[in-house]
Each structure stands twice: as C-alpha cells, then as structure tokens.
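Participant: Here's a structure for you.
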Amino acid sequence: MIKLVVIDFDDTLSQNEEAVFHYENYTIKKMGFPAMSRAAHQKNWGIPMREAIIERVPGIDPDAFITLHKQFLPKFIKDKKIDQISEQNIQTLKKLKKAGKHLAILTSRVYHEVEHLLDKSHLINKYVEKIYHSDSSEYHKPDPRAFDQILSEFNVTPQESVYVGDSLSDGICAKGAGLHFIALLEGGIRNKEDFKSVKVDYFAQTFPDILAYIEKH
C-alpha cells in the first residue's frame, strides 16, 4: 500500500512554466539581453535554473542572473504571478491527507526559490509535511539517491512510496530508487513518447487524476 506521496513542484503541483518564462525574460531584459523564445525555455525546462539559464541565454552571467532573480522573485510572488496552486490541486492534497497518506515535495529548486513555500503560514504546509530542495539534499534528481533521505525520514519502503512528476528526469530518479512513478502530462510540454525510456506506472492528465492510481495501490 502506498503510504508516502512525493510530489514535484513545477508543472506538477503548480503549473508554472509560462509564469517562469515571463519572469526569467523580465530578469534577462533588465540585464540587457534580448528576450528568449518560449521554445528555448521549454527545451530544458525542469533542470536547475543556474544550469538552464546558461543554455537559454548564451553569454549570460549566471551569478548576476541569480542575484537579480533573488531580488525580483518576492514581487512576482506577492503579485501572484508565480507559484500559484489551483483549488483543485489543494483539494487533491486534502483528500490524500484525509486518506492517511504522508505528503512531501521533492524539487530541484534552491533555497531562495522555495523560502516562501517553507513559511509556516503558506497554505501548502497544512498538507505537505516536508519540502526537499537542492540545498537541503545531498543528492539531486535524476540521481535515485535523492530519495534515500526522504524514505529514511518517513520510515517507508520504496514500494510504499510514489513520486509524481512531469519530466523524464523525475521518472529516472523514481524508478531507479524503486518507487512507483506517476507522469503528469498537464503542462502539455511532454507526452507519453517522452517517457518511453522509463517505466511509468500511470499517466495522469491532471493532478487530481493521481488519486485513481494511489487509491488502488
């Protein structure tokens, strides 16, 4: 029986790709670079921002970008232009919690990108017990060892755990660690063919669809 549900954040719990695209373009324009295309943003969507921005904007100084990113992010959050979680997704977390499941988030974001989510006043903390990010984990996706700490702290086996994510990297990480893996296609960036090299236990079209698989396992 599945006891622990681990969830990716971007384009899984929060449909963020378009919002992040606009936010990153806002930042790079401030640095004097031309706006990137949406295709360039989507091409490597899902990898850590520092690595991604070098590919998206050739010649950019990643340290300078990250400095401005930290400066501008609070305003985008305050204006509710990024990291919004739909009511239907909140209700899904509520149902999982009511069913007795432990809930955690595993994301490739660094601390300054999740600081607001870690605040006890954030709604997500009514349901999610712990958020694992790049600065709090020894290993990072797609390394399967990224789950070692999580499984240990929740005292569950891989067979009692499921990871919900939207990328091949998520699948490689989860299946390499022996977890169930649900691939979420809601963002529309990836399709079933993109996951053909990894065993996907269930494809979900929307986040609430994960309930059907979890309830059966």
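Participant: Does PHE147 satisfy being under 23 Å from LYS3 (Cα atoms) and in a strand (DSSP E or B)?
Facilitator: On the way: under 23 Å from LYS3 (Cα atoms): yes; in a strand (DSSP E or B): no.
For PHE147, the condition - under 23 Å from LYS3 (Cα atoms) and in a strand (DSSP E or B) - is not met.
Participant: Then there's this: Quick one: would you say LEU118 is within 20 Å of LEU73 (Cα to Cα), modelled with pLDDT of 95 or more and surrounded by fewer than 20 Cβ atoms within 10 Å (Cβ to Cβ)?
Facilitator: Yes: the conditions hold for LEU118.
Participant: Now a separate question. Out of curiosity, is PRO142 surrounded by 18 or more Cβ atoms within 10 Å (Cβ to Cβ), of a type outside the set (Phe, Trp, Tyr) and under 13 Å from the mean Cα position of the chain (by Cα)? So that I can check it myself, show each step before the final result.
Facilitator: Details: surrounded by 18 or more Cβ atoms within 10 Å (Cβ to Cβ): yes; of a type outside the set (Phe, Trp, Tyr): yes; under 13 Å from the mean Cα position of the chain (by Cα): yes.
Against the criterion (surrounded by 18 or more Cβ atoms within 10 Å (Cβ to Cβ), of a type outside the set (Phe, Trp, Tyr) and under 13 Å from the mean Cα position of the chain (by Cα)), PRO142 qualifies.
Participant: Also: Counting only residues that are surrounded by 19 or more Cβ atoms within 10 Å (Cβ to Cβ), touching a residue at least 40 places away in the same chain (Cβ under 8 Å) and assigned to a helix (DSSP H, G or I), how many does region 25-48 have?
Facilitator: 1
Participant: Is there a residue being out of contact with any Phe, Trp or Tyr (no Cβ under 9 Å at 6 or more places or on another chain) and either among the β-branched types (Val, Ile, Thr) or in a loop (DSSP other than H, G, I, E, B) (or both) anywhere in region 91-98?
Facilitator: No, that holds for no residue.
Participant: From the set of residues in region 165-211 that are among the β-branched types (Val, Ile, Thr) and part of a helix (DSSP H, G or I), which is most open to solvent (accessible area, probe 1.4 Å)?
Facilitator: Pass one, region 165-211, residues among the β-branched types (Val, Ile, Thr): 172, 182, 189, 198, 200, 206, 210.
Of the ones still in play, those that are also part of a helix (DSSP H, G or I) are 172, 210.
Details: ILE172: 78, ILE210: 0 Å².
Filtering region 165-211 for residues that are among the β-branched types (Val, Ile, Thr) and part of a helix (DSSP H, G or I), the one most open to solvent (accessible area, probe 1.4 Å) comes out as ILE172.
Participant: Take region 71-90 and flag every residue that is open to solvent by 70 Å² or more (accessible area, probe 1.4 Å), modelled with pLDDT under 95 and in a helix (DSSP H, G or I).
Facilitator: GLN71, PRO74, LYS75, LYS78
Participant: Could you check region 49-65 and list, in sequence order, the residues that are part of a helix (DSSP H, G or I) and touching a helix residue (DSSP H, G or I) at 6+ places or on another chain (Cβ under 6 Å)?
Facilitator: Scanning region 49-65 gives ARG50, ILE53, ILE54, ARG56, PRO62, PHE65.
Participant: Still on this structure, I have one more. Return a yes/no flag: does region 99-110 have any residue that is under 17 Å from GLU215 (Cα atoms), under 20 Å from the mean Cα position of the chain (by Cα) and not in a strand (DSSP E or B).
Facilitator: Yes, region 99-110 has at least one match.
Participant: Write out, first by first residue and then by second, each pair whose Cβ atoms fall under 9 Å of each other, whose residues are 6+ apart or on separate chains, and whose first residue, in region 62-86, is on the phi < 0 side of the Ramachandran plot while the second is hydroxyl-bearing (Ser, Thr, Tyr) and open to solvent by 20 Å² or more (accessible area, probe 1.4 Å).
Facilitator: Cβ pairs passing all conditions: PHE72/TYR26; PHE76/TYR26.
Participant: Would region 127-135 turn up any residue that is touching a residue at least 40 places away in the same chain (Cβ under 8 Å) and polar (S, T, N, Q)?
Facilitator: yes
The values are calculated or read from the model by the stated rules, or taken from the named source; none is laboratory data. The structure presented is a predicted model; accordingly, all values stated were derived computationally and were not measured. Neighbour counts run over all protein chains shown; Cβ positions are idealised from the backbone, glycine included. SASA here: full protein model, heavy atoms, side chains in, ligands and nucleic acids out. Shrake-Rupley method; radii C 1.70, N 1.55, O 1.52, S 1.80 Å.
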